[in-house]
1. Run the reach check for LYS416 against aspartates and glutamates, Cα to Cα strictly under 12 Å, same-chain hits fewer than 8 apart removed. What comes back?
2. Of the cross-linked pairs LYS315/LYS402; LYS84/LYS133; LYS32/LYS61; LYS61/LYS133; LYS402/LYS463, which ones have a Cα-Cα span greater than 23 Å in the structure shown?
3. For the range 112-152, compute Rh as the Kirkwood radius over C-alpha pairs and then the Stokes-Einstein diffusion coefficient at 25 °C and 0.890 mPa s; write the answer in µm²/s, rounded to an integer.
4. For a Förster distance of 22 Å, can you work out the FRET efficiency between the beta-carbons of ALA334 and GLN462, rounded to the nearest 0.05?
5. Could you compute the net charge surrounding GLY147? Neighbours are other residues with a C-beta less than 15 Å from the C-beta of GLY147; K and R count +1, D and E count -1.
6. Under Stokes-Einstein, with the Kirkwood radius over Cα pairs standing in for Rh, what whole-number D in µm²/s applies to the range 86-178 at 37 °C and 0.692 mPa s?
7. Distance in nm between label sites at ASP343 and CYS404, each 7 Å beyond Cα in the beta-carbon direction?
8. For the range 16-161, what ratio Rg/Rh do Cα atoms give with a Kirkwood hydrodynamic radius?
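The values are calculated or read from the model by the stated rules, or taken from the named source; none is laboratory data. Note that the structure is predicted; figures quoted are calculated from it, not measured. Counting neighbours? That spans all protein chains shown, and the Cβs are built from the backbone with ideal geometry, glycine included. These area figures cover heavy atoms from the full protein model, side chains too; ligands, DNA and RNA do not enter into them. Shrake-Rupley method; radii C 1.70, N 1.55, O 1.52, S 1.80 Å.
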Amino acid sequence: NNIEKDVSPDVEPWPCRTPDELCGVWVRNYIKKPASGTKDASVEVRYLQTPVAFVDVRVVKNPNAWPVQPKSCEEIQRALAERKAEGFAGVTTRSDDGVIRWHACINLEPQIPRGAWAASRRGTPPTTEDCGKSVPSDRSDTWLEYGYPDASSYMEEWQRAVEESKTNNSWLAAINIVQNEILIVCDDFFGYARDQRQDGVIDNLAGFLFKDAATLSICSGRVSTGWIVDLSAVGFWESRRLVVGSKMNEWQILPGSTLTLPELVLKAGGIYPDILWHRATEKLHFLPPPNHKSEGTIYGAPFEHSLTDRLYLRKLRAIDLVPDYQAVMEDVTALRSVFTRADTWPSENLTQDEDYEDLRRHDSEFDYNLAFAYAVYDTFSEKEKLEPGKYIGCCYINPPTKQCCDAEVFLWIRPKASNFAALDAELERALRIWLVSDPWPYRNPAFPGRDPRDEHHLTFDQKWTHWESRPWLNLPYPRICVDASTIVLHQPRASGLIP
């Protein structure tokens with residue numbers, strides 16, 4: 001897989017060269033336009049420039065929250081528009097009169113037709129109106145960009161993200177013409193762009209999220225974090241590990257690169273030697289999260305939360321096996337109506353190994369923002385100490401399978417817990433309030449088997465009949481398999497975990 005033997009930097013020159021003084025990682029301090037006369041620093045901009053290609057990502061500071069569980073392509077298109085982000089990648093040239101031109105080969109909006117990379121390789125990059133002139137500033141780590149042909153149209157100040165004295169001057173630029181993508185690395189920063197849209201439109205939800213990496217991605221981050229994206233024009237990818245879906249032999253390392261793709265794989269954390277490369281199969285294999293932390297927030301979903309004065313939630317994890325297994329096996333019959341009217345889970349013969357597999361799936365799905373399962377603790381007597389004996393149940397926030405809701409919530413309390421009925425009612429009531437407030441994006445979470453909430457005269461069977469009569473949301477959604485790493489698109493005619 002060492003593609004150095006296939007594409008050597010010395011085989012052919014790259015016709016589009018960048019001025020040396022622009023190479024590196026830059027952040028924009030501000031832009032100043034005549035109309036306002038003020039310095040505007042409201043947009044976070046990161047610009048990675050190598051001698052042969054660049055990636056540029058721009059996102060307004062404090063953007064609108066990205067939908068946790070997007071349900072349609074239209075919802076993604078709206079989220080993109082509301083995010084007001086920009087992102088592009090391509091090649092840079094400077095003419096004899098000193099004008100610098102940034103030729104986008106991938107662009108968030110408008111989309112650049114396929115073939116731009118091949119044209120750039122021939123020395124005829126796409127035409128562009130993104131032009132300017134660079135002027136040194138009074139500081140060695142900054143430069144000023146003025147508009148062209150009208151120098152008064154705007155002025156930007158750019159500053160190095162890595163001090164020149166601390167840079168190792170290592171870089172990589174690689175393009176994949178087949179998949180229309182680019183990967184750039186400058187020192188510890190990476191930039192990545194890929195565009196597989198048809199006519200500028202995202203028309204396949206599953207493809208956008210999980211098939212062969214991304215339909216659309218323009219992002220940046222740090223290699224030292226395990227390739228975690230921290231700035232993305234498409235909000236879905238922020239805080240996730242960079243995923244590249246193509247095969248290594250499809251990539252061309254551009255001339256002059258001092259790094260190779262295999263070296264990057266080895267340098268990216270060590271224990272994840274395939275960290276950069278993503279197997280393009282029908283079943284997608286995600287790498288483990290880089291840091292399994294015991295506290296904090298993952299993708300906006302709280303790791304733990306004090307739900308009421310008595311009930312405390314904490315992410316359900318594989319290490320919760322002992323108290324979870326004890327709670328589940330305490331009364332298996334009572335729990336068979338949690339997810340459906342009459343479930344087969346849990347069986348009388350459920351083993352600890354089988355329960356452990358379920359917990360691993362819940363653990364991983366939380367980390368990958370697919371579903372959120374919490375252990376419920378009774379903290380009435382010892383609020384600060386979550387002992388196994390205080391483990392009294394679970395709640396699950398799953399993607400919707402019915403058209404009437406934007407999430408499905410399931411919950412259970414140990415039937416033999418003291419004040420079982422009161423705790424069950426308190427948990428349900430508190431969850432209904434919490435899940436329609438920050439940080440959750442939900443407006444209409446459903447509680448199957450418990451709705452309609454206000455119809456107290458309805459029996460258990462009548463409430464399940466009400467839920468079962470709701471029309472299906474005929475859209476596959478991603479769930480994790482028993483190995484806790486393989487993601488499949490699950491058909492929505494079943495709730496809970498996949499087989």
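1. Partners found: GLU330, ASP331, ASP424.
2. Over 23 Å Cα-Cα: LYS315/LYS402; LYS84/LYS133; LYS61/LYS133.
3. Answer from the Stokes-Einstein relation: 195 µm²/s.
4. Working from the Cβ atoms, E equals 0.70.
5. -3
6. Translational diffusion coefficient: 216 µm²/s.
7. 1.9
8. 0.99
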